[in-house]
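> One structure, pasted below without further comment.
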């Protein structure tokens, strides 16, 4: 029986190109395309697709809205999300946590073609949407830095997770509020979920970075949560410290690469978290500069997006007076900043040799 594939994206020429390339496999599967979530819903009701591949960030309703719609209607097929944001490491974490398959745009067509063929040949190698859980949805919201409210219903109880730019800032569940409520919901990882419109301003009661909150909640998912907020704050801080201690040695090894290659040309460097701008490892650390360039990075990413420009690449540079230069490398949840003396550093060596080594080393360190 011939399978049915639906591709959803607001980029018309991109989708038409994919369809043209996939049409040679009509004997194995048919390919339809559409340019909005509402159109995708209508087509799904009519044709009952075996696999839907959807971009996440689209005008009006997003791919997350489509994901939730399909989940609520017990869609039996597969769902693959596409995004132009995030890093391969972050996308791997999304897949590992919840089973949702995510691919990073732009991608090579031959690779995409083989992925679709493998999916249908193995009858759903990525699993059906019923196997995809709440953690996958939350990871996608964080990945796309969305401001949205997620409603969770389970055993006649209702909870809410309030997101601001991909971070959970507040939560309500039963008699709990704030951090404790969020941990209950995430560790439960069950229930029906839907999006609700953000109403009036909610208080910011949670300052824990999203990744740390997810990891701590998942670790405690098999335990009964009874501690009060103060105790939970201390537990999370302790867990975060352990995570940092586990990574510091590898991160310090990463710092040695620019130090050894650039010598006096490297004035300072810091690896810091994108959530809070706090330095994790560095040489001649500059905490104020890390916080500044973290905010600047967020501003530029959002400004490019709102202006309709292509998204930020792997790094950007700033030229300063006195032949000094700042370089910031983006790694999803982490960033790596450097202050360079252009008179002492060989920029060709830095950009073409040293930085690729740094990027590879940090990716390997974060993968452990």
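Only the coordinates and a few stated rules stand behind these numbers; no lab work does. Note that the structure is a prediction, hence the values are computed from the model and not measured. Reconstructed Cβ throughout: ideal geometry from the backbone, glycine too, with neighbour counts over all protein chains shown.
> Hey, with R₀ at 35 Å, roughly what FRET efficiency would residue 292 and residue 13 work out to, going by the Cβ-Cβ distance, to 0.05? The partial results should precede the final answer.
On the way: r = 39 Å, r/R0 = 1.11.
The value I calculate is 0.35.
> Among 156, 302, 24, what is the fewest-to-most ranking by other Cβ atoms within 10 Å?
Lowest to highest Cβ neighbour count: 156, 24, 302.
> Roughly how many nanometres apart are two label points built 7 Å out from the Cα toward the Cβ at residue 264 and residue 360?
Taking the two extended label points, one gets 3.0 nm.
> Ok, one more. For a footprinting-style exposure proxy, rank 353, 211 by other Cβ within 10 Å, fewest first. Don't jump to the answer; show the numbers that get you there.
Numbers: 353 12, 211 21.
Taking fewest neighbouring Cβ atoms as first place, the list is 353, 211.
> Just to verify a number: FRET efficiency for residue 190 and residue 278, C-beta to C-beta distance, R0 = 30 Å, to 0.05? Working shown, then result.
Numbers: r = 33 Å, r/R0 = 1.10.
The pair residue 190/residue 278 has a calculated efficiency of 0.35.
> Nearest 0.05, what FRET efficiency do residue 42 and residue 157 give at R0 = 30 Å with Cβ-Cβ as r? Intermediate values should be presented prior to the final figure.
Working: r = 33 Å, r/R0 = 1.11.
E(calc), rounded to 0.05, equals 0.35.
> Only counting other Cβ atoms within 10 Å, I'd like 34, 254 sorted with the fewest neighbours first.
Values: 34 19, 254 23.
Ranked by crowding around the Cβ, least crowded first: 34, 254.
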